[in-house]
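See structure below.
The values are calculated or read from the model by the stated rules, or taken from the named source; none is laboratory data. The model shown is predicted, which means the values in this text are computed figures rather than measured ones. Counting neighbours? That spans all protein chains shown, and the Cβs are built from the backbone with ideal geometry, glycine included. These accessible areas exclude ligands, DNA and RNA; they are computed on the full protein's heavy atoms, side chains included. Shrake-Rupley method; radii C 1.70, N 1.55, O 1.52, S 1.80 Å.
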Amino acid sequence: MKKLTVFLLTLAIALSLTACGGTSGSTNQTDMEYVKEKGTLVVGITNFAPMDYKGTSGEWIGFDADMAGAFAKSLGVEVKFVEIDWDNKVLELDGKTIDCVWNGMTLTPEVTNSMECSNAYCNNAQVVIVPSNMFDKYQTVDDLTDLAFAAEAGSAGEAALNELELNVTPVKTQSDALMEVAAGTSDAAVIDSLMAAAMVGKGTSYSDLTYTVALKNEEYGVGFRKGSDLADALNDFIAASYADGSMLKCAESYGVQATLIEQ
Amino acid sequence: MKQILEQLPIVIGALNVGFIQTLKLFFITLIGAFPLGLIVAFGAMSHFKPLSYFTRIIVWIVRGTPLMLQLLIIYYFPGLVLNTPIWGSGESGRFAAASISFIFNYACYFSEIYRGGIQSVPVGQQEAGLVLGMTRSQIFFKITLLQMLKRIVPPMSNEIITLVKDTSLSRIIALQEIIWAGQAFMKGSQGISGAIWPLFFTGVYYLIFNGILTILLGRLEKKLDYFR
């Protein structure tokens with residue numbers, strides 16, 4: 001009996017300790033005010049050429065990185081890039097360790113439900129990757145039924161495959177999906193076309209792979225915390241820089257001008 | 001092969017940067033967890049029951065949940081639930097959160113090893129100390145501690161070598177340790193994209209470092225041999 005009392009008492013202490021931390025003042029500050037007060041816009045990215053990648057001197061460049069820098073400047077704050085684990089992007093946003101996700105992010109229903117998204121600014125497609133010697137065999141969507149696919153978990157490619165009711169194994173990243181095909185553990189992979197153009201074919205580790213059918217056209221947007229007023233501010237910024245041609249100029253320097261969406 | 005030779009200097013440079021993070025996390029965890037583990041062991045062995053139960057519950061929670069989950073909770077919980085992102089968003093914040101998680105986790109494992117070591121010293125020796133008029137702290141430091149140290153070296157070596165490899169879990173909160181650095185070349189980094197081999201090459205770093213540790217810990221064990 002005595003032991004039980006001691007046990008319960010200990011548990012009560014432990015619980016009250018955790019409860020202490022629970023009080024926090026939720027201020028009525030908008031996200032814009034929060035970022036301006038902090039003086040930095042923290043942009044969550046992954047290493048994803050040509051949108052966000054490291055230049056020769058080690059600074060972050062790319063179409064998304066440059067636009068993010070220009071947007072931060074228009075707000076009068078510093079831009080700061082942080083590499084994140086793509087699976088944890090919503091956690092990072094809600095946990096305030098980043099302020100936006102600006103990394104060639106496809107606007108899927110999952111994304112628009114969990115983030116406050118900007119208007120789409122770029123087009124992209126999901127393409128099927130197969131070994132080069134299989135290229136002739138797989139030319140239309142109907143040819144794909146017997147293949148075992150690999151695709152990034154939670155990606156637009158995985159969603160497209162599920163929609164077609166094809167056999168898909170979710171893997172951690174798009175590059176893991178490529179490795180599956182290279183290693184022969186999957187017959188084919190689905191990744192986005194910007195990445196496919198940069199990563200398969202001559203001069204890469206995947207010179208034996210090639211891309212064929214495009215499964216789905218998709219659009220890129222920028223994600224903010226749910227309810228953030230920064231999304232509207234960014235829409236205005238994108239519209240303005242599209243109108244004055246600075247967005248096109250930036251896109252041309254990274255070779256993505258063909259994918260821009262008219263604002 | 002020629003391509004790999006051309007890429008080698010760039011890859012090694014990047015892996016070295018990642019491995020320094022791995023090593024920093026490794027040593028900080030050891031420096032923090034060695035003393036904290038001893039404190040936890042004393043807590044668990046305390047004659048004051050509430051303290052003993054409380055410590056054992058903490059050890060149960062920490063050893064009973066995956067380290068990966070603890071990393072996620074420690075890094076994201078303050079911002080998500082308490083609305084105060086104490087870690088900030090930079091590399092240093094991620095490193096601090098990873099260090100705290102690892103120190104806590106390993107202190108709990110170490111505490112059980114310490115407890116086993118302390119309790120393996122026969123009670124008769126403590127009684128002998130009491131008869132000779134030694135104080136409790138004298139008995140601990142002059143009789144128990146050194147014999148305990150000798151006995152815990154093999155199980156500690158196990159944990160220390162596991163720790164070297166466990167540091168790779170910290171990539172879940174985007175700490176850029178060596179596995180992260182190796183994986184970066186799969187997507188594309190510093191002009192190399194779609195390269196798989198750097199990821200597997202990180203294994204060489206782990207092997208060499210663990211080899212050195214094994215030799216050093218073996219020597220330590222020999223040095224402590226005179227306790228038998």
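Are any residues in the stretch B:170-212 touching a strand residue (DSSP E or B) at 6+ places or on another chain (Cβ under 8 Å) and free of Cβ contacts under 8 Å to residues at least 24 places away in the same chain, and if so, which ones?
B:LYS187, B:GLY188, B:GLY194
Could you tell me whether the stretch B:214-222 includes any residue that is at the interface with chain A (Cβ under 7 Å from one of its Cβ atoms) and either closer than 22 Å to B:ILE161 by Cα or small (Gly, Ala, Ser) (or both)?
No: the stretch B:214-222 contains no residue that is at the interface with chain A (Cβ under 7 Å from one of its Cβ atoms) and either closer than 22 Å to B:ILE161 by Cα or small (Gly, Ala, Ser) (or both).
Of everything in the stretch B:11-59, what is under 16 Å from B:VAL204 (Cα atoms) and either β-branched (Val, Ile, Thr) or open to solvent by 40 Å² or more (accessible area, probe 1.4 Å) (or both)? Give them in sequence order.
Passing the criteria: B:VAL11, B:ILE12, B:ASN16, B:VAL17, B:ILE20, B:THR22, B:LEU23.
So which residues in the stretch B:172-206 are more than 7 Å from every other protein chain (Cβ to nearest Cβ), at pLDDT below 90 and open to solvent by 30 Å² or more (accessible area, probe 1.4 Å), if there are any at all?
Answer for the stretch B:172-206, where residues must be more than 7 Å from every other protein chain (Cβ to nearest Cβ), at pLDDT below 90 and open to solvent by 30 Å² or more (accessible area, probe 1.4 Å): B:GLN183, B:GLY191.
Quick one: which of B:LEU220, B:LEU145, B:LEU224, B:LEU169 is in a helix (DSSP H, G or I), under 30 Å from A:VAL90 (Cβ atoms) and open to solvent by 20 Å² or more (accessible area, probe 1.4 Å)?
Of B:LEU220, B:LEU145, B:LEU224, B:LEU169, the one residue that is in a helix (DSSP H, G or I), under 30 Å from A:VAL90 (Cβ atoms) and open to solvent by 20 Å² or more (accessible area, probe 1.4 Å) is B:LEU169.
Within the stretch B:89-99, is even one residue out of contact with any strand residue (DSSP E or B) (no Cβ under 6 Å at 6 or more places or on another chain), of a type in the set (Asp, Glu), within 30 Å of A:VAL90 (Cα to Cα) and part of a helix (DSSP H, G or I)?
So the first thing to find is which residues in the stretch B:89-99 are out of contact with any strand residue (DSSP E or B) (no Cβ under 6 Å at 6 or more places or on another chain), and the list is B:90-99.
Okay, now just the ones that are also of a type in the set (Asp, Glu), so B:91.
Keeping just the survivors that are within 30 Å of A:VAL90 (Cα to Cα) gives B:91.
Those still in the list that are part of a helix (DSSP H, G or I) too: B:91.
Looking for residues that are out of contact with any strand residue (DSSP E or B) (no Cβ under 6 Å at 6 or more places or on another chain), of a type in the set (Asp, Glu), within 30 Å of A:VAL90 (Cα to Cα) and part of a helix (DSSP H, G or I), one finds at least one in the stretch B:89-99, hence yes.
Give A:MET51, A:MET67, A:MET115 a once-over and let me know the one that is within 14 Å of chain B (Cβ to nearest Cβ) and more than 10 Å from the chain's Cα centre (by Cα).
Within the list A:MET51, A:MET67, A:MET115, the selection yields A:MET51.
Tell me, which residue of the stretch A:160-194 that is within 10 Å of another protein chain (Cβ to nearest Cβ) and touching a Lys or Arg at 6+ places or on another chain (Cβ under 8 Å) is nearest to B:ILE196 (Cα to Cα)? Write out each step before concluding.
Step one: list which residues in the stretch A:160-194 are within 10 Å of another protein chain (Cβ to nearest Cβ), which gives A:172-176, A:178-179, A:182-183.
Narrowing further to those that are touching a Lys or Arg at 6+ places or on another chain (Cβ under 8 Å): A:173-175.
On the way: A:THR173: 13, A:GLN174: 13, A:SER175: 9 Å.
So, considering only residues that are within 10 Å of another protein chain (Cβ to nearest Cβ) and touching a Lys or Arg at 6+ places or on another chain (Cβ under 8 Å), the one nearest to B:ILE196 (Cα to Cα) is A:SER175.
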